[in-house]
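Right, I'll just put the structure down here and ask away after.
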Amino acid sequence: MQRSIRTLTLIALTSMVLGGAITAAEPFSPEDLLALKQVTSARTSPDGQWIAYTVEVPRRADEKPGEAYSELYLVSVKTGEIKALLTGAVEAKSIAWTPDGSGIAFLADGEEKKAKKQVWLMPAKGRTAQQITRSETSITDFRWHPSGKKIAYLATAPKSAREKALDEKGYKFIFYEEDLKPKNLYLLDLDNAGAGGIGEPLTREITVWSFEFSPDGNAIAASITEKNLIDQWYMFRKIHLLDLKTGALRQLTSNPGKLGNFAFSPDGMHLAYAAAKDQKDNQVSQVFVIPLGGGDARNLTPADFPGHVNWVGWKDKNTLVYRSNEGVNTTLSTVGVAGGEREVILNSADTGIVFEAPDFTRAFNNFALVGNSPTFPGEVYYWNGGKEMRRLTISNPWLPERKLGKQEAIRYLARDGQEIEGLLIYPVDYQAEQQYPLVVIVHGGPESNFSNEWITRYSEPGQVLAGKGYAVFFPNYRASTGYGVEFALQGYGDPAGKEFDDIADGLDYLIQQGIADPSRVGVGGGSYGGYASAWFATYYTQFVKAVCMFVGVSNLISKRNTTDIPYEELYVHSGKKLEAMWELSLQRSPIYWAQQSKTAVLILGGTDDTRVHPSQSLEFYRQLKMNDHPAARLVQYPGEKHGNKKQTSRKDMLYRILDWYDWYVKDARPLDGPLPPLDISDKYGLELPE
C-alpha cells in the first residue's frame with residue numbers, strides 16, 4: 001500500500017468548465033462514459049482545512065475483470081492544492097479522519113493472501129499506509145473512538161476450526177438461511193500491541209448493521225437484527241444502546257419498517273434518526289429524535305411533507321439538520337430538537353448542484369459535499385454556510401469539450417389528473433420542429449427517484465443516446481420517492497397499475513408536444529425499471545418498438561418466492577400474502593401478456609442475482625420464444641449480481657443496449673428481420689486474433 005506522493009495544482013475553475021458554455025467538438029460517446037471518473041465520498045478534516053475524498057476510476061478494457069478502482073486524495077480548502085495519497089490499482093473506501101486530524105483511515109484489501117477488507121491508516125502528510133486490523137473475515141464498516149486510541153468495526157463471525165475442517169474434507173454444504181454467521185461488533189485497542197489487529201467482540205448471536213459512538217465514548221448506538229439476512233436489514237432493524245462499561249444492551253427505538261442513519265446530539269442527550277413513517281412506507285422518509293434518558297420518539301418532519309428525508313445529523317445540541325429529496329432537487333434543513341418550523345439552508349434548486357449527505361466540522365461552518373449537475377458527475381464541493389458552494393475538483397477536464405443534450409424537468413398530468421414530474425434530455429442539436437426517436441428510462445425500486453443531476457450510467461446511457469439523436473425521458477412515476485409518503489403509497493398493492501400508466505401518459509405527452517416520434521419509442525431500466533420494460537414489451541406493446549430489460553421482473557408469483565427480500569416485498573409493496581392475490585399477481589405479470597408482444601426484447605442480467613433471480617429473465621425469454629417471438633435475446637453475465645460491477649460486463653451491456661435501440665427504434669427495422677449482431681467484441685477495445 002505504499003505510494004509516493006505527488007502534489008497536484010488544481011487548474012483554475014473557469015466559467016467554461018462551470019457553465020459548459022463553449023462550442024463542443026463532438027457528442028458524449030460510449031467510450032467517454034466508460035472512462036468517466038467521479039468523486040464518490042468527501043470528508044472534512046477536524047480543523048476544516050482539508051477535505052479527503054475518493055475518486056472512482058474505471059478499469060481499462062484489457063485489465064483483469066473487476067469493479068472500478070477507488071483512489072484517495074486530499075484537497076486544500078484554502079488554496080485548492082491537491083495531494084494524491086493512493087492512486088492506481090487501489091481500492092480505498094469508507095474513509096474517516098482520525099479525531100486529531102493526523103491521518104485518514106479507510107477500508108482496502110489486506111496483505112494476507114485472501115483479500116479480506118481491513119482498516120488501513122494513511123498519515124495526512126502521506127508517505128506509507130499501514131494496515132491496523134487483521135480480522136479473519138472482511139470488515140464492512142468502522143468508526144474511531146472519540147479518544148482516537150480505539151477502533152470499532154463490523155465483521156462476520158469466522159468459522160470454527162471444526163467447520164473449516166469439514167469444508168476442507170468436502171462437507172461444504174449450503175443450509176439455506178440456517179447456518180448464518182452473525183455480523184459482530186468488535187473493539188480494537190490500538191495501544192494494545194498484543195491484540196494483533198483483532199478486536200474483542202462486543203456482540204454475539206445478533207447482527208449489527210451500523211453503529212455510532214456516543215460523544216463521551218462510553219456507549220454505542222447500533223442498528224441490530226436477529227439474523228444476518230438482507231431482508232432483516234431492510235425491514236427489521238431497531239436501534240439499541242450498548243453500554244461499553246457494563247456490556248448492557250437495551251432497545252432504544254421501535255420504528256416500524258425501514259431505518260436510515262442515526263446520530264448522537266453533541267451533548268449525548270438525544271439520538272436523531274431517519275426512518276420510514278410506518279411499516280408500509282416504502283422508503284426512509286421522516287426525521288425523528290428520541291431522548292436517551294427515557295421517553296418516546298418524536299417525529300420532527302413537517303406535516304404532509306412533499307419529499308423524503310434520507311439523512312440526519314446535528315448542528316448543535318438543540319438543533320438537528322437533515323437532507324431531503326424534494327422532487328428533482330435536494331435540500332438541507334434545520335429544525336429545533338423540540339420541533340417547530342424547519343429552515344431550508346441549502347437547496348439545489350438555487351445552486352444547480354445536487355448534493356449528497358454533507359460532512360462538516362463541529363462548529364457547523366466547514367462542509368464537504370459531493371455535488372453534481374446535469375453536466376458533470378460527482379465532484380468535491382466546499383460550503384461555509386453562505387449562499388454559494390465552491391467547487392474544488394475537476395475529475396474529467398475533457399468533459400466540457402463534449403456536446404451534451406439539454407436536461408430539464410418537465411411536468412404533465414396523468415390520465416386521472418395527478419401531476420407527474422420527470423427529466424428530459426433533449427437530443428444534441430435539437431430542433432423544435434422535428435420529431436425524434438425516444439427512449440424512456442425507468443428507475444428501479446420503485447422507492448427511488450431521478451434528481452436533476454448527472455444521470456448517465458452504463459445501464460442508463462442518457463447523454464450517449466442524446467448524442468446519437470434520441471430524446472431521453474426519465475419519469476418519476478407514482479411510487480417514486482421525493483414527493484411525499486402519500487405519493488409513494490399510490491403504488492402499494494397495485495403493481496404495474498398507476499405506476500406504469502404514468503409512464504405511458506408521459507410518453508403520450510412527449511408525442512403531443514411534438515418531441516417524440518410515436519413510431520420510434522424504446523423503454524429500458526433495471527430491477528423495477530426492468531419490470532416496467534417487460535410490461536411495455538407486453539401489456540403496452542403497441543407503444544414501444546424495443547425494450548432493454550435489465551435484472552427485471554417478469555412473473556410476480558415466482559419472483560416473490562425466489563427473492564432475498566420477501567418481507568420487504570410483502571410489507572411495502574404487495575401488502576398481502578401471495579395466496580390472497582394470486583389473480584392480481586398473475587395479471588400484473590409480463591409473462592401473462594407475452595403472447596401479444598410486438599416489441600423487440602433484449603433481456604440482460606447477472607447469473608448470481610439474489611434480489612431478482614435469473615429465473616425471471618429465463619421465464620420471460622422462454623415464454624416469448626414459445627409464442628414464436630422473432631426478436632427476443634437473453635444475455636447473462638457470469639458472477640454478476642443485481643447490477644454489473646465488472647468493467648467487462650458494463651462495456652458489453654452498454655454497447656448491446658445502444659445497438660438494440662439503434663436497430664429497432666432509430667432505424668425502425670422490422671421485428672421479423674435479422675437481429676443485431678451477436679458478436680460485438682470489435683467494440684471492446686481489445687487486440688484480438690482474427
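Work out the charge dipole of segment 489-590 with +1 on the Cβ of Lys and Arg and -1 on the Cβ of Asp and Glu about the Cα centre, then indicate which of Leu584, Val547, Ala532 is farthest towards its positive end.
Val547
If you place +1 on the Cβ of every Lys and Arg and -1 on the Cβ of every Asp and Glu, how big does the dipole about the Cα centre of segment 170-237 come out, in debye to the nearest 20?
220
Checking the table Lys114/Lys169; Lys498/Lys641; Lys245/Lys317; Lys116/Lys651; Lys93/Lys651; Lys114/Lys645 against a 22 Å threshold on Cα-Cα, which pairs fail?
Lys498/Lys641; Lys245/Lys317; Lys116/Lys651; Lys93/Lys651
Helix-derived [θ] at 222 nm for the chain: sum -39500 (n - 2.57) over DSSP H runs of at least 4, divide by residue count, nearest 500?
Helices in the chain give a 222 nm mean residue ellipticity of -4000 deg cm²/dmol.
Something else: Using a cut-off of 12 Å between alpha-carbon atoms, which aspartates and glutamates can reach Lys149, once sequence neighbours fewer than 8 places away in the same chain are excluded?
Asp100, Asp189, Asp191
Also: How far apart, in nm, are the 7 Å Cα→Cβ label points at Asp508 and Lys577?
3.9
Rounded, prolate or oblate: which fits the chain when a ≥ b ≥ c are the square roots of the eigenvalues of the alpha-carbon gyration tensor, with rounded for a/c under 1.5 and prolate only if a/b beats b/c?
Verdict is rounded for the chain.
How do Ser41, Ser254, Ser29, Ser589 rank when sorted from fewest to most other Cβ atoms within 10 Å of their own Cβ?
The order, fewest Cβ neighbours first, is Ser254, Ser29, Ser41, Ser589.
Can you work out the FRET efficiency for the pair Arg250 and Ala61, with r the C-beta to C-beta distance and R0 = 51 Å, to the nearest 0.05? Intermediate results must be reported in sequence, preceding the final value.
Numbers: r = 54 Å, r/R0 = 1.05.
The pair Arg250/Ala61 has a calculated efficiency of 0.45.
Just to be sure I understand the model, the point goes 7 Å from the Cα along the line to the Cβ. What's the resulting Glu388 to Ala161 distance in nm?
6.6
Please work out the Cα center distance from segment 73-94 to segment 213-235, rounded to the nearest Å.
31
What FRET efficiency comes out for the pair Ala668/Arg622, r = Cβ-Cβ distance, R0 = 30 Å, nearest 0.05?
Given R0 = 30 Å and the Cβ-Cβ separation, E is 0.65.
Work out how much length Asp679 to Asp304 would gain on full extension: take 0.36 nm times their residue separation and subtract the Cα-Cα distance, in nm to one decimal.
129.7 nm
Can you say what percent of the DSSP beta bridges in segment 405-683, counting only those with both residues inside, are antiparallel? Round to 5. Can you show the working numbers first?
On the way: 13 of 38 bridges.
Of the beta bridges lying entirely in segment 405-683, close to 35 percent run antiparallel.
Under 14 Å from the Cβ of Arg622, count the other residues' Cβ atoms, weight Lys and Arg +1, Asp and Glu -1, and hand me the total.
0
Provide Rg over Rh for segment 405-683; use the alpha carbon set for both Rg and the Kirkwood Rh (inverse mean inverse pair distance).
In segment 405-683, Rg relative to Rh is 0.94.
Something else: Using Cα-Cα distances under 8 Å and only pairs 6 or more residues apart, what relative contact order does the chain have, in percent?
Taking the mean separation of contacting Cα pairs over the length of the chain, I get 10 percent.
Any chance you could run the full-extension gain for Asp296 through Lys181? It's 0.36 nm times the residue separation minus the Cα-Cα distance, nm to one decimal. List each step's numbers first, then the result.
Numbers: separation 115, 0.36 × 115 = 41.40 nm, distance 3.30 nm.
Between Asp296 and Lys181, full extension yields an extra 38.1 nm.
Please rank Phe473, Phe106, fewest neighbouring Cβ atoms within 10 Å first, as an exposure proxy.
Placing the least packed residue first, the sequence is Phe473, Phe106.
Which pairs break 25 Å Cα to Cα here: Lys64/Lys406; Lys468/Lys545; Lys37/Lys406; Lys164/Lys227; Lys545/Lys646?
Those over the limit are Lys64/Lys406; Lys545/Lys646.
Turning to a different aspect of this structure: Where does each of 515-527, 676-688, 118-130 land if you order them by average Cβ count within 10 Å, highest first?
515-527, 118-130, 676-688
Sticking with this one: Taking every DSSP beta bridge with both residues inside the chain, roughly what % is antiparallel (nearest 5)?
The antiparallel fraction comes to roughly 80 percent.
Going by how many other Cβ atoms sit within 10 Å of their own, how do Glu205, Glu356, Glu63, Glu433 line up, fewest first?
Fewest to most other Cβ atoms nearby, the residues stand as Glu433, Glu205, Glu63, Glu356.
Let me ask something else about it. How high is the FRET efficiency between Gln130 and Gln279 when r is their beta carbon distance and R₀ equals 35 Å, given to the nearest 0.05?
Values: r = 45 Å, r/R0 = 1.30.
Using R0 = 35 Å, I get an efficiency of 0.15.
No value in this document is a laboratory result; all are computed from the given coordinates. Note that the coordinates shown come from a computational prediction; the quantities given were computed from them, not determined experimentally. Cβ sites come from the backbone with ideal geometry, for glycine too, and all protein chains shown count toward neighbours.
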